[in-house]
């Protein structure tokens, strides 16, 4: 018997063809990252039993919930799978307390006992004084916590979280993310989190899975993803420059332009350059950098006391420089600038 | 003639037409109020015929509303959610009482449920149930005309309901019936209540189908509208006016209640 979730699923809905293999151990959190339309929500709905599989198998703690085609199928209400929906989906006609008690009541617990248990759970999430409030009266952060309490109240063996923080504003998001991490740690079952925010994924999950167009393009720890992204989406997510090209010795040809690298390689490769390793100059730099070219500044995006500067051209590159450098170099969109990258700063690995 | 001038003349014309329409709507009501025997109101309401008709109408209209809700809500759910082939035909059928002249509805009910009717003969023979010219028959006639008023808003509410709430309920362990009872129904409540109120108003005012199918037996099938008609026919003019006033009051109240906040959509 395998504890936790083991799922191998295939299903198509409209333009989306989902084909995913996933395993989540009890007590672990796996985050599914992906752009809109990648099939993240559909994946969760399939695991919850709200969408049927075309082919595949869903197993939770050794029990087969679904096997398709033709195998057993457990309806959502008979799966020990709870879901925190995007925008919460709290029942608008019930108080926070009755929302949390709903699952217990549906599973046959008496009204009084269910409400007592629900009150305890709200109390644990610091919401004791909001028990009588209707969802419409709750703040975004409170509603998120009530939704979490409602899902955790049934003590599911698998907890699904669909963009749990997406509806929150930036300040609430930070504190709620921290709390969420704490409360998730207290849940003994497997957890699957869907998000498009890498910070949420890194803060809440041990293992990251990147879904694009219904398929897993990469998985691993956040360090692994950041170090060796395998798609433009992942590179964008972790904020590094990624090039796909053909290597020949110490040269990598990326769509007509070349990059000189320090390691020798051959064949189809990916080359990654951290924005901090990209140096910008007003005049052509002398000395050691092997990769030097001129390009137009396309975009400047402030990030704290630093700025990310996108330089166009055949080798589009994002450089991260200090705010002071932006002023010194006179960087404005449209200005020409020299880009320099040391060969040793380019990491090359097979595509 | 310049443009602004033409527009001004057009708007003046519309104003006149509008005023005409408004008076056309208001005048009958004013006429009714004008001829209401205000001082004898209490006396008229105490007349056995009048009081009996009021009592009977209250009972039959509320029963008819209950029947319409009991039949209409499940039908609305099926129309909104079930994936069955004859759905469009059934939806059209549910609308028939809206457009059918009530007296024709009464004739049709007679032919279907009368003592020699399609189904009525079996009801009579096997179960001993006779609907025509009984209070139950009046309820049937009223429920028939009131049904669309329940079905239409309920179908709209079930069809446009946010399914995520039902999905959430299912993942929390609620089976189909629990989901319907504890989530779908409460969320559709404003539409259902509005439908029930309209259905009740329609049942209360029902005349054509009732008098055709249930007749005008005093105390048994003489509802308020039937009594108004009988009053006018037999020269009990004041009784007719007083009962008409009651129906007007109910209609106006329903209109006001419909606008009230308890029917407004629940906000998430």
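Every read-out reported here was derived from the displayed coordinates using simple, explicitly stated rules and does not represent laboratory data. On a predicted model such as this, the values are computed, not experimentally measured, just so you know. FYI the Cβ positions are ideal-geometry reconstructions off the backbone, even for glycines, and counts take in every protein chain you see.
To two decimal places, what compactness ratio does segment B:47-263 give when its Cα radius of gyration is scaled by 2.2 N^0.38 Å? Provide the component values of the computation, followed by the final result.
Working: Rg = 19.3 Å, N = 217, 2.2 N^0.38 = 17.0 Å.
Expressed relative to 2.2 N^0.38 Å, the Cα Rg reads 1.14.
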*So what does log10 I(q)/I(0) come out to for segment A:302-348 at q = 0.13, 0.18, 0.29 Å⁻¹, using the Debye formula with one equal point on every Cα and no solvent?*
-0.32, -0.61, -1.21
*Taking a temperature of 10 °C and a viscosity of 1.306 mPa s, what whole-number D in µm²/s does Stokes-Einstein yield for segment A:124-231 with Rh from Kirkwood over alpha carbon pairs?*
105 µm²/s
*Ratio to report: Rg/Rh of segment A:1-55, with Cα atoms as the point set and Rh obtained by the Kirkwood method; give two decimals.*
0.97
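For the protein assembly as shown, what is one quarter of the convex hull surface built on the Cα atoms, given in nm²? Working shown, then result.
Working: hull surface 184.4 nm².
Computing the convex hull of the Cα atoms and averaging its projections yields 46.1 nm².
Let's test the formula: R0 of 30 Å, r as the Cβ-Cβ distance of residue B:81 and residue B:111. What FRET efficiency results, to the nearest 0.05? Could the numbers behind the result be given before it?
Working: r = 33 Å, r/R0 = 1.09.
E(calc), rounded to 0.05, equals 0.35.
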_Under a crude label model (7 Å from the Cα following the beta-carbon direction), how far is residue A:246 from residue B:217 in nanometres?_
9.8 nm
*What is the Cα coordinate range of segment B:189-257 on the first, second and third principal axes, sorted by size from largest, in whole angstrom?*
43, 26, 17
*Based on the alpha-carbon gyration tensor of segment A:74-164 and its eigenvalue square roots a ≥ b ≥ c, which shape applies: rounded if a/c is under 1.5, prolate if not and a/b is larger than b/c, or oblate?*
oblate
_Coarse-grained scattering of segment A:5-235 at q = 0.09 Å⁻¹, given as base-10 log I(q)/I(0) from a Debye sum over alpha-carbon atoms_ = -0.36
*Using just the helices of the protein assembly as shown, give the 222 nm mean residue ellipticity in deg cm²/dmol: DSSP H runs with n ≥ 4 each add -39,500 (n - 2.57), and the total is spread over all residues, rounded to 500.*
-15000 deg cm²/dmol
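Would you mind giving the mean number of other chain beta-carbons within 10 Å of the Cβ of each residue in A:81-90, as a whole number?
Values: counts 2, 4, 6, 2, 5, 1, 3, 3, 10, 3.
The per-residue average across the peptide is 4.
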*asked:* Compute the helix-to-body angle for A:96-106: its Cα long axis versus the longest principal axis of chain A, expressed 0 to 90° and rounded to tens.
replied: 70 degrees
*Any chance you could list P(r) for segment A:204-283, counting all Cα-Cα pairs in 5 angstrom bins from zero, rounded to whole %?*
3, 14, 20, 21, 19, 13, 7, 3, 1, 0
*Give or take rounding to whole Å, what are the principal axis extents of the alpha carbon atoms in segment B:44-154, in descending order?*
53, 34, 25
*With the contact rule set at Cα under 8 Å and sequence spacing of 6 or more, what percent relative contact order holds for chain B?*
28 percent
*May I ask for the distance between the Cα centers of segment B:203-257 and segment B:170-186, given as a whole number of Å?*
42 Å
*Cα principal axis extents for segment A:187-241, largest first, Å*: 38, 23, 16
*Report the normalised scattering of segment B:144-207 as log10 I(q)/I(0) at q = 0.16, 0.17, 0.23, 0.24 Å⁻¹, calculated by the Debye formula with identical scatterers on the alpha carbons.*
-0.57, -0.61, -0.87, -0.91
*Could you state the angle between the C-alpha long axis of helix A:111-124 and the longest principal axis of the C-alpha atoms of chain A, as a value from 0 to 90 degrees rounded to the nearest 10?*
30 degrees
*For segment A:155-224 and segment A:1-29, compute the distance between their C-alpha centroids and round to whole Å.*
15 Å
*Between residue B:90 and residue B:16, what FRET efficiency follows from the Cβ-Cβ distance if R0 is 60 Å, with the result rounded to 0.05?*
0.85
*Part-to-part distance (alpha-carbon centres) for segment B:7-52 and segment A:84-130, which is given in Å*: 53 Å
*Taking 1 over the mean of 1/r across every pair of different Cα atoms in segment A:239-350, what Kirkwood radius in Å do you get?*
14.1 Å
*Note the full-extension length gain between residue B:248 and residue B:26 as 0.36 nm times their separation in residues minus their Cα-Cα distance, in nm to one decimal.*
78.7 nm
*Quick one: angle between helix A:170-185 and the longest Cα principal axis of chain A, in degrees between 0 and 90, rounded to 10, please.*
60 degrees
